[in-house]
Structures are given as structure tokens and as C-alpha cells.
1. Under a crude label model (7 Å from the Cα following the beta-carbon direction), how far is residue 68 from residue 38 in nanometres?
2. For residue 67, tell me the accessible area in Å² from a 1.4 Å probe, rounded to the nearest 10.
3. In nm, to one decimal, how far is the modelled label at residue 47 from the one at residue 15, with both set 7 Å along Cα→Cβ?
4. Aspartates and glutamates within cross-link reach of residue 97: Cα-Cα under 12 Å, excluding same-chain residues under 8 positions apart?
5. Report the charge-dipole magnitude of the stretch 3-94 in Debye, nearest 20, computed about the Cα centre from +1 at each Lys and Arg Cβ and -1 at each Asp and Glu Cβ.
Amino acid sequence: MTTIFHEITEALVREGFQDLAAKKAQQGKSLDFKITPYSLNTKLSFKFDNLAHFVEFLRLHGIENLDEKTAALQTTLNELALGPNEFFYVNFFEHGKETEM
């Protein structure tokens with residue numbers, strides 16, 4: 001695991017997100033995220049170099065249906081007028097708390 005991926009994972013675990021791949025939290029909180037072209041200035045806002053960089057992070061955490069998720073992520077980037085080779089931020093939060101962001 002790259003150093004930045006390790007730092008992101010450690011930050012998520014410190015905040016109570018024990019299993020990043022779990023659809024429902026067995027332990028800890030259930031994780032969700034939002035992609036933005038800028039940081040939301042939270043301790044769980046992380047910059048990814050491009051779509052492939054983020055997909056590799058997801059792959060390392062055993063996220064299922066990665067091909068489907070990659071297509072959805074590309075759609076999100078398109079909606080934000082970002083290309084797959086541009087940087088973006090992923091802002092992680094507890095599932096169901098998006099309205100607070």
C-alpha cells in the first residue's frame with residue numbers, strides 16, 4: 001500500500017470506519033464519500049491524482065463491483081467537468097450524513 005493510501009486508511013480507522021469494504025458496518029461506522037473538485041477542509045478530505053489513483057485505493061480495500069463503480073465515478077467526474085486524468089478530492093463521511101456536508 002502506498003504511503004498516502006496508508007495515511008488515508010489510518011485517518012478513516014481513527015474516525016471509526018473499521019471496514020471500508022463493508023456495505024453495512026459490522027464494527028464502527030458505515031462509510032460513504034462525495035467527490036468534489038476542491039477540498040471541504042475536513043480531516044477526511046483527501047486529494048487523489050486521478051481516477052486510476054482512486055480506483056487503486058478502492059481495489060486495495062476489496063471494494064466489490066469495481067468496474068460498475070468506476071463507470072459511476074467517471075459519470076460523477078463528467079458532471080463536475082473533470083477528466084479522468086485530473087485531480088479531485090474525495091470527502092469521506094458517515095453514511096447518511098451527506099446533508100451535513
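The values are calculated or read from the model by the stated rules, or taken from the named source; none is laboratory data. Being a predicted model, the structure only gives us computed values, none of them experimental. Methodologically, a virtual Cβ is constructed for each residue, glycine included, from the backbone with ideal geometry; neighbour enumeration extends over all protein chains shown. Side chains are part of the model used for accessible areas, which takes the heavy atoms of the whole protein and leaves out ligands, DNA and RNA. Shrake-Rupley method; radii C 1.70, N 1.55, O 1.52, S 1.80 Å.
1. 3.4 nm
2. 140 Å²
3. So the label points at residue 47 and residue 15 sit 1.8 nm apart.
4. Within the straight-line cut-off, residue 97 pairs with 32.
5. 240 debye
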